[in-house]
Every structure is written in C-alpha cells, then in structure tokens.
Amino acid sequence: MAELNWLSIQEAHSQLTSRQISSVELTQACLDRIDAVEDRVQSFLTLTPEIALAQAEEADRMLAAGEGGPLTGVPVQIKDVMCTEGVLTTCASRMLENFVPVYNATAVERIISRGAVMLGKGNMDEFAMGSSCENSAFHPTRNPWDLERVPGGSSGGAAASVAAGEAIYALGSDTGGSVRQPAALCGVVGLKPTYGLVSRYGLIAFASSLDQIGPVGRTVADCALVLNAIAGHDPRDATSVTREPKDYYAGLGRDIKGLRLGVPEEYFTDGIEPGTRKAVEEAVSTLEGLGASVRPVSLPTTRYALACYYIIAPSECSANLARYDGVKYGYSYQDTDDMWEAMEKTREYGFGPEVTRRVMLGTYALSSGYYDAYYLKAQQARTLIRQDFDRVFQEVDALVTPTSPVTAFKIGEKTGDPVQMYLIDVCTLPVNIAGLPGLSVPCGFSEGLPVGMQLIGPHFSEETLLRTAHAYETATQWSKARAAI
Ligand code: GLN
C-alpha cells in the first residue's frame, strides 16, 4: 500500500469510508514511518503504538457500522502539554517526567470520542516556553527539511511529525506563536483559534490568558476538520465561550472576491529575512489575483507587543507554576526534613533554565513596588494593542503578514541569547495578546527552507481565515511539497 502515511485527513477519510483502506493499515503505515525516521526527527516524547492499534481496530468497527466522522480512524500526535488519560504527560519537563493524568484534556477527549487514533505525545519546549524545541528537558526535535535545523517551537514535535509523514495531523498549543511558528518552519498549516473557542481544560497552564489549543495539518481543510471537532463550549473551562461553533469546513470552497486584506507595515520592517519577505509579498499578489483587495495598514502599537508579552506571559507562568512545589504534583525532592529546602531543591531540579528565568521574571514583575511599573503597564499596553487591531478591522477583513521573520535556524544558533529567541515570535504574539485567531499556511521557500504566511482576523473569524488560506493553497502548490527525509 503506497504511502498511506502521507494522506491528508480528507483523503484518509474518503478511503476509509469507501473501505479502500482500514484504519489499522493507515495506523501501521504511520508506525512504520515512525520506525524509519523517528531516530532522526525525534518528534515524539512518548510513543503509544498499542493504544493506536487498539483505537484503529475500534475505528474500523465504527466505520464498518457506518458510524464516525472525518477524524475516525485517522492517526494523530498530541503535544505533551495536554493531559491524556493513563498516558505519560511530561510537558517536556523533569518536573512531570512521571506524571500520568487520570483524565483527558477536553480537546483530546473530543477527538478520541470521534474515533481518533493516538500515535503518541509530541515533543515541545519545556512547559511550552521556547521557539525551537531546544528547551525540551529530554531531547531536541529536528526539522524534516534540514536535520541540522530546529523545527520551531514550542509545538516543534507537532509540526515535525506532520512534515515528516509520521502523523496525519497533530494537536499543538499556542501562547505566543507555538502552533503557527513551527508550522511555518516545517512547511505545514497551523491554526491558533480565537481565545475561548477551544477549551483549555486539561491543557497544562503556561499563561492562562494567552494559551489556546490548535491543529497542525498538511492542508487548510484538515485544520478546519479538526477545529470542527475541538471547538465549542466546555463548562469545565470558565474562559470557554458559549457561542455556537460554526461548520468551519463547509465554507471552504467559496471564493475570496471582494475580501479586504490589510498588509501592516510594521510586520515588514527590519530583521525580516529577504527570502521570507519576497515569498510573503508574492503570496499577497496571489491573493489579489484571486479577487481580494489589498491595502497597506498600520498597527503602531506592534512595537510594544514583545515587551508586553514578556511581562504578561512570565507573570502568569510564575503564578501557574507555583503549584510545582513537590507536594502535590510531579517531582519531589525527598532527601531533607526541611520543607523550604525540599521546595527549593524540587524546583531547582525539576525546572530547566528557561522556565526558571520566566518564573523569576514574572515573580519580579508582580512583586509589590514593581507591579505598577511592569505588570500594570503591560496590561495597559495590551489594551492599546487590542484597540489597534479593532481599529484596522473596521477597514479590512483580515491581515497578511509573515508568520516568522526568519526560516528554520541551526540547532544551537540562538540558545545563547534569550532575546534573539524571543524575537522569533514578533509576528505571532500580538495575536495572542489580542486574543485573535491566526493561521499559518506555507507560501514558498527561501534557500530551500519553508516560509509561512500568517493570516490574522477579528475574533471568531476562523471561517474567513480558513476560506482565504484554502483559496490560496488551492491556487498554489506549496502545501504539496514534502521534506525529502
Ligand atoms: N516562543 C514563545 C514563548 O516562549 C511562545 C511560546 C508558545 O506559544 N507556547 O513564550
């Protein structure tokens, strides 16, 4: 059976429902591919082949009975930041190296109950803090397009597994760009939904006002199918919105004639790699050729976004990660009778350097005397950033920007300088600050490495973003390119 592991969800679904293939065959093809390339890519932290095959058999039963939907029987990788019942969930941290949740995250539950096949848990930067997957406490993941390079992060495993043909799709999480940026660097599609559209229940918290789960897939349509499954109200997440989710797949074929697109000048300035700029500019022309009207717009507060994010995200992280004190969760230092020493040693051993840096930054920003100068100021800047977006969305339906200012960089290239690493997310994190949806779709190559175009829209405009990206994808060939690994 030829290369089943490279099918899209859509293709797999049609072959599964017509009984041309079985889910067991499809799953086995992914497992074989993992056997062949995983020692080089290392996109997984935990592999669950027995679970996958059992779920595949169950999916085959569902399909034979005419039950199930688009995700039934289709293999997925799940980022290790999401709780999976009975399956190790480490967040790529030594703190949680033995943590086995007793329940599934809601997003995971929603795909499993629709017959998903879980191949295993995806590598990531520790607690989702990072942009390269190099902050994983266990091992880095490599970019399938060039094994000397990073896949991006923090959902590096998600993007690499899809780009390497190991998984058909993946679930990632995005706090400042962690779904979109690795998707861009690995040449696949990634969607960060509007804040509140997908439940965060069972998503291990990094920065609760920014975190959101999103799909990584080979095609825009695949991301729409996954969003259909995971979106919707969850009473177990107080920030989950009650509005009815739409059918994000149904509108995909519609054209984009008359769509008003804005190109924000602030996203095309210094530091953007020339090949990336060229690819995104060409993509904008393609969209214009498809009937969209394009105009320059300005979002002047963009320049505050990085500073604002690196106050708010560490502040929330310092509060969220306070629970890892060796008492209830995860690693616990036992070699002392002194409670304070036990906590100190637990955190010293359990957290890696980037997590420690964030906790310290956040604790500082929240401490009395500094709160007004840092945290409060950042919240005020957040309001201005949001208002800037609100203003341009009166004139345009969506924005087009690069997803990342650079293509995949060499492993080790940026680990010495945290600020260089933070700058990788300049184009993505304003979207989280404002709670907006953002999507990255492949739009070409620069020196052989994939480039992603980001589409940003007003709250709950996923339909428009998906329709636009789908029209672009259909008019070009970029999403069909495969890494030669
Ligand atoms: N790279 C950003 C950070 O380190 C974003 C990470 C994410 O989206 N989880 O905070």
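Before moving on, here are some points about what is shown:
- Computed over region 263-388: relative contact order in percent, which uses C-alpha pairs under 8 Å that are six or more apart: 32
- When the convex hull of its Cα atoms is projected in every direction, mean area for region 220-287 (nm²): 7.5
- Counted by Cβ distance under 14 Å from residue 110, the other residues give a net charge of -1, where Lys and Arg count +1 and Asp and Glu count -1.
- Converting phi to 3J(HN,Hα) with the Karplus coefficients 6.51, -1.76 and 1.60 and the offset θ = phi - 60°, region 399-410 yields 10, 10, 9, x, 7, 10, x, 9, 8, 4, 9, 5 Hz in sequence order, with x at every glycine or proline.
- Alpha carbon centroid spacing (whole Å) that separates region 23-53 from region 267-329: 32
- For the chain, calculated [θ]222 nm from helices alone, where every DSSP H run of n ≥ 4 adds -39500 (n - 2.57): -11500 deg cm²/dmol
- Applying the criteria of a DSSP loop state and at most 11 other Cβ atoms within 10 Å to the GluC sites (Glu not before Pro) of region 313-401 yields 395.
- Environment charge of residue 335, counting only residues whose C-beta is closer than 13 Å and scoring Lys/Arg +1, Asp/Glu -1: -4
- Charge dipole (debye, nearest 20) of region 296-381; +1 at Cβ of Lys and Arg, -1 at Cβ of Asp and Glu: 540
- Ranking 303, 295 by solvent-accessible area of protein heavy atoms (1.4 Å probe, all protein chains present), from largest to smallest, gives 303, 295.
- Global form of region 157-289, assessed from the alpha-carbon gyration tensor, a/c cut-off 1.5: prolate
- Farthest toward the positive end of the dipole of the chain, out of 190, 293, 138, is the Cα of 293, where the dipole comes from beta carbon charges about the Cα centre.
- Whole-number D in µm²/s for region 147-199 (Stokes-Einstein; Kirkwood sum over Cα pairs; 20 °C, 1.002 mPa s): 195
- Dipole magnitude for the chain: about 960 debye, using +1 per Lys or Arg Cβ and -1 per Asp or Glu Cβ, origin at the Cα centre.
- Evaluated at q = 0.23 Å⁻¹, a Debye calculation over the C-alpha positions of region 42-89 (equal weights, vacuum) places log10 I(q)/I(0) at -0.90.
- Label sites at residue 363 and residue 57, each approximated as a point 7 angstrom past Cα along Cα to Cβ, lie 5.0 nm apart.
- Accessible-area ranking of 336, 346, largest first, probe 1.4 Å: 336, 346
- Counting all C-alpha pairs of region 291-381, share separated by more than 15 Å (%): 67
- Farthest towards the positive end of the charge dipole of region 48-187, among the residues 158, 113, 179, is the Cα of 179, using unit charges on the Cβ of Lys, Arg, Asp and Glu.
- Among 414, 192, the sequence by solvent-accessible area, most first, with a 1.4 Å probe is 414, 192.
- Of the solvent-accessible surface of the chain, computed with a 1.4 Å probe over protein heavy atoms with every protein chain present, carbon and sulfur atoms account for 52 percent.
- Debye log10 I(q)/I(0) at q = 0.13, 0.18 Å⁻¹ for region 1-109, Cα point scatterers: -0.53, -0.96
- Each residue, residue 208 and residue 247, gets one label point 7 Å from its Cα in the Cβ direction; the gap between the two is 3.6 nm.
- On the beta carbon distance between residue 379 and residue 65, with R0 = 45 Å, the FRET formula returns roughly 0.30.
- Cα centroid separation, region 454-480 to region 181-253 (Å): 14
- If you wrap the tightest convex hull around every Cα atom of the chain and split its volume per residue, you get 136 Å³.
- Here the label points at residue 475 and residue 35, each 7 Å from Cα along the C-beta direction, are separated by 4.4 nm in the simple model.
- Charge tally in the Cβ shell below 11 Å around residue 150, where Lys, Arg are +1 and Asp, Glu are -1, residue 150 excluded: -1
- Taking the average, over residues, of other Cβ atoms within 10 Å as the packing measure, peptides 247-257, 12-22 rank 12-22, 247-257 from highest down.
- Rolled with a 1.4 Å probe across the full set of protein chains, the surface gives residue 478 an accessible area near 90 Å².
- Gain in span if fully extended, residue 18 to residue 356, counting 0.36 nm per residue against the direct Cα distance: 116.5 nm
The values are calculated or read from the model by the stated rules, or taken from the named source; none is laboratory data. Source: prediction; values computed, not measured. All Cβ positions, even for glycine, are placed from backbone atoms using ideal geometry, and neighbour counts span all protein chains on display. Note: accessible area is taken over every heavy atom of the protein model, side chains too, but ligands, DNA and RNA are not part of it. Shrake-Rupley method; radii C 1.70, N 1.55, O 1.52, S 1.80 Å.
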